[in-house]
Amino acid sequence: MISFANAKINLGLSVTEKRQDSYHNIETIFYPVQLYDVLEFNEASDYAFETYGIDIPENGDNLCTKAFNLLKSDYPEIQPVHIKLLKNIPVGAGLGGGSSDAAFVLKALNELNNLGLSSIILQDYASRLGADCAFFIDNKPLFAEGIGTTFSEVDVNLSNYFIVIIKPDIHISTAEAYASITPQIPQVDLKRAIQLPIQEWKYHITNDFELGIFEKYPLIQDIKRKLYEKGALYACMSGSGSSVFGIFEEKINLDDLNTLGKVYYPTEL
Ligand SMILES: C[C@@](CO)(OP(=O)(O)O)[C@H](O)COP(=O)(O)OP(=O)(O)OC[C@H]1O[C@@H](n2ccc(N)nc2=O)[C@H](O)[C@@H]1O
Ligand SMILES: Nc1ncnc2c1ncn2[C@@H]1O[C@H](COP(=O)(O)OP(=O)(O)O)[C@@H](O)[C@H]1O
């Protein structure tokens, strides 16, 4: 079996409160984008995991293995599997690649072993692997609050626009980004603001991580500025960074910005 685990961008993000459990409450809109990791699952006598493509900094077990172990601990009947991951989504980019891999492993194991787990149950397992992970179960645009795992529907469709993502050679740790932020009550109702014409988003929709991250890494702010200079209707850092996305009315080639970072053009498979 082959799964294509896509990335996400955050259309706006407010960090509203620090919680007792050391996490933060946030408000954001998760939007899936067509930039993919590839996961191949083959029958095996013992569990095995291999990765190719972009290097993943070691930080304990890979999230794919964590996902396998988590589900196996509750469902011992799960068959061993050999997982091959082709890593294309940049790491430490705010694109949720690791979380997506983990969510797609949960979904694949559910299917391969006929476990019949519902979306809600899979979301619960996913949220134990990472706050971002639960969104990738249903993998459709969603407004998220709480730690990013309480969802409600949102009507936003960018399929007629062209999205470009630029990832500078900067790795940002999510935990570090949260540690250096001062939570505040949002000035704007994101769910309402997203209903405005996209040309107006830049006046209303912000990402609270930008302030601190731009100060520390001015290159990331330069990328956002460049995207507007090139005609983006809206540009914003994704999640805790370091990638920045621009939404354009029409297809555009931004290869000349590759001195600032790697330029990605997410497209349907
Ligand atoms: C900021 C966001 C926005 O979508 O994504 P990224 O930019 O990393 O992709 C998410 O909130 C990231 O979610 P995720 O990357 O899954 O975080 P986790 O692995 O659960 O947590 C990593 C660390 O980030 C902090 N953390 C995470 C989520 C949250 N709501 N509050 C937090 O304070 C905690 O210190 C935690 O130990
Ligand atoms: N399959 C995976 N892909 C990417 N990162 C992974 C994976 N498994 C574990 N990780 C760890 O998760 C960290 C953050 O991953 P990722 O989700 O790509 O970043 P971001 O928080 O920017 O969305 C990495 O630094 C790495 O140590």
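The values are calculated or read from the model by the stated rules, or taken from the named source; none is laboratory data. What you are looking at is a predicted structure, and each value in this text was computed from that prediction instead of being measured. Ideal geometry is used to build each Cβ from the backbone, glycine not excepted, and the neighbour counts take in all protein chains shown. When the accessible area is computed, the model is the full protein with side chains, heavy atoms only, and any ligands, DNA or RNA have been set aside. Shrake-Rupley method; radii C 1.70, N 1.55, O 1.52, S 1.80 Å.
Conditions (1) more than 12 Å from residue 12 (Cβ to Cβ); (2) assigned by TED's automatic domain parsing to the domain that holds residue 248; (3) of a type outside the set (A, V, I, L, M), marked per residue:
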residue: 190; (1), (2), (3): no, yes, no
residue: 201; (1), (2), (3): no, yes, yes
residue: 207; (1), (2), (3): no, yes, yes
residue: 221; (1), (2), (3): yes, yes, yes
residue: 226; (1), (2), (3): yes, yes, yes
residue: 233; (1), (2), (3): yes, yes, no
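Out of all the residues in segment 1-54, which are part of a loop (DSSP other than H, G, I, E, B) and either more than 16 Å from ligand 1 (Cβ to nearest atom) or touching a residue at least 60 places away in the same chain (Cβ under 8 Å) (or both)? Walk me through how you get there before you give the answer.
Taking segment 1-54 and keeping what is part of a loop (DSSP other than H, G, I, E, B), we get 1, 19-23, 44-47, 54.
Hits for segment 1-54 are 1, 19, 23, 44, 45, 46, 47.
Yes/no matrix, rows are residues, columns are (1) buried (at least 19 other Cβ atoms within 10 Å of the Cβ); (2) among the hydrophobic types (A, V, I, L, M, F, W, C); (3) more than 10 Å from ligand 2 (Cβ to nearest atom):
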site	(1), (2), (3)
27	yes, no, yes
30	yes, yes, yes
46	no, no, yes
73	no, no, yes
89	yes, yes, no
116	no, no, yes
121	no, yes, yes
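Under the condition of being within 15 Å of ligand 2 (Cβ to nearest atom) and open to solvent by 40 Å² or more (accessible area, probe 1.4 Å), the residues counted in segment 155-172 number 2.
Within segment 76-87, restricting attention to residues that are open to solvent by less than 50 Å² (accessible area, probe 1.4 Å) and either in a loop (DSSP other than H, G, I, E, B) or of a type in the set (Asp, Glu) (or both), the residue that is farthest from ligand 1 (Cβ to nearest atom) is 80.
Enumerate the strands (runs of 3 or more DSSP E) found wholly within segment 101-182, keeping only those where 2 or more residues are in contact (Cβ under 8 Å) with a residue 60 or more places away in the chain.
142-145, 162-167
Looking at segment 189-269, what helices (runs of 4 or more DSSP H) fall wholly within it and have at least 1 residues that are open to solvent by 70 Å² or more (accessible area, probe 1.4 Å), acidic (Asp, Glu) and closer than 17 Å to residue 162 by Cα? Explain how you work it out, then say what you get.
Details: elements: 190-193, 201-204, 209-216, 218-229.
Result: 218-229.
Across segment 132-154, the number of residues qualifying as under 16 Å from residue 122 (Cβ atoms) and either surrounded by fewer than 18 Cβ atoms within 10 Å (Cβ to Cβ) or over 17 Å from the mean Cα position of the chain (by Cα) (or both) comes to 4.
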